[in-house]
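These notes are about the structure you will find just below.
The values are calculated or read from the model by the stated rules, or taken from the named source; none is laboratory data. Given the structure is predicted, the values throughout are model-derived calculations rather than measurements. Heads up: the accessible areas ignore ligands, DNA and RNA and are worked out on the full protein's heavy atoms, side chains in. Shrake-Rupley method; radii C 1.70, N 1.55, O 1.52, S 1.80 Å.
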Amino acid sequence: MGENTTRTLDGIGIWGGGVTGGLVGGITMGLVLHLGANQIELLGGLVPGAGTAVAVGWTVHLLLSVLFGLLFAAIASSSIVQQLLITFTDYVIVGLLFGAILGLFAGGVLFPVAMQGAGVATLPLPFLPVPGVAAELVSALLFAIGHLVYGLLLGAVFATVNGVAPAGLGERVPLER
């Protein structure tokens, strides 16, 4: 533990990892939301004048995914956080934590503000096979799982782009050092 294990990240790795991780995590999270309960359509429906809510929802979702990926990159590359991030697993855990916090922020602040801006008091959930409170619970569960998937992949891709490999990978595949 006495040796300095902080790594030096360059701008290409930081911002490239943020964009790439944001896209990979965003696409996967979007698939969870879209295939799980067609929630991407809700996001598109919050955009004023949106013709095709699904296409607009995907566009907005992926743009936000990249922006939040860049925010993650800025946080993960800060000197304070870099002192804590040593292994691939560390990056994945920080990604999961980021995804969880992002889910709470998006569900508790961003989505309600967007609903108010769009003049929507409540969201219809006709796409779920269950009615009422059960539909809301299913929707919230998928929303939470989606954000955790996003964070997990964001952390993993960011680490990989910046040269941090999973433990044991060097034993299977020779890595140049």
Task: J(HN,Hα) series, region 74-79, from Karplus relation 6.51 cos²θ - 1.76 cosθ + 1.60, nearest Hz, glycine and proline x - done: 5, 5, 5, 8, 5, 4
TODO: Just subtract the alpha-carbon distance of residue 104 and residue 78 from 0.36 nm times their residue separation and send over the number in nm, one decimal.
DONE: 7.1 nm
Task: Accessible area per residue in Å² at 1.4 Å probe, computed on region 9-95 - done: 46
Task: 15, 58, ranked by accessible area, largest first (probe 1.4 Å) - done: 15, 58
TODO: Enumerate the calculated ³J(HN,Hα) couplings along region 153-162 in order (Karplus 6.51 cos²θ - 1.76 cosθ + 1.60, θ = phi - 60°), each rounded to whole Hz, writing x wherever the residue is Gly or Pro.
DONE: 5, 4, x, 5, 5, 4, 4, 4, 4, 8
